[in-house]
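Colleague: Here's a structure for you.
The values are calculated or read from the model by the stated rules, or taken from the named source; none is laboratory data. None of these values were measured; they are calculated from a predicted model. Note that we place each Cβ from the backbone using ideal geometry, even for glycine, and neighbour counts take in every protein chain shown.
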Amino acid sequence: MDKTRERDTLRAFTDRLRGDGFDARAIVSDEEMAAATEAFHREEGVLDTPAEELRYIEGLLNLPMGHLERFSIVPAAGYARCACGRVLSALDLVATALRRRVHDRDLVRDTLLGLTNLVELADGGRAADCFSCGRAVLSSSYWTHGYMYA
Ligand SMILES: [Zn+2]
């Protein structure tokens, strides 16, 4: 099979990482991350986090204002909009991770600084609480500069 075509989809990219023996996370080259980022944005249902919520995330994590240029997510089927009306964004994920202490705040901050091209391999989607009402929401993948869960 043509290797270039194979990597046209996000699934092909993550399958290749699993095939290479990565089971939870991988650090990839700038070239691989660029190709995976393009593939991510070709997925159906990609939502961009609104600018004011990017600023809110920066505030939560003490990141330099304006550091997060783009943070996109693909909600799991049926989760693009919460029952309360809120559209799912990266803020739901980040706020939940901090509140539940899923990860230490500095680790989340370092990850979103985006220096490492970290790919976390998805394990059935990432659950979070709606930022507005607390209902359970689910995303299947998300991406920001230097970091991807897929
Ligand atoms: Zn809600």
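Yes or no, residue by residue, for (1) of a type in the set (A, V, I, L, M); (2) farther than 19 Å from Leu121 by Cβ:
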site	(1), (2)
Thr9	no, no
Gly21	no, no
Val46	yes, no
Leu54	yes, yes
Ile57	yes, yes
Pro75	no, no
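Colleague: Anything in region 132-150 that is of a type in the set (Ser, Thr, Tyr) and more than 16 Å from the ligand (Cβ to nearest atom)? List them, or say none.
Modeller: Ser140, Ser141, Tyr142, Thr144, Tyr147, Tyr149
Colleague: Turning to a different aspect of this structure: Collect the residues in region 1-21 that are charged (D, E, K, R), in a helix (DSSP H, G or I) and at pLDDT 90 or above, keeping them in residue-number order.
Modeller: Across region 1-21, the qualifying residues are Arg11, Asp15, Arg16, Arg18.
Colleague: Further question: Quickly run through region 132-150 and pick out the residues that are crowded, with 21+ Cβ neighbours inside 10 Å and in contact with a Pro (Cβ under 9 Å, 6 or more places away or on another chain).
Modeller: Val137, Ser139
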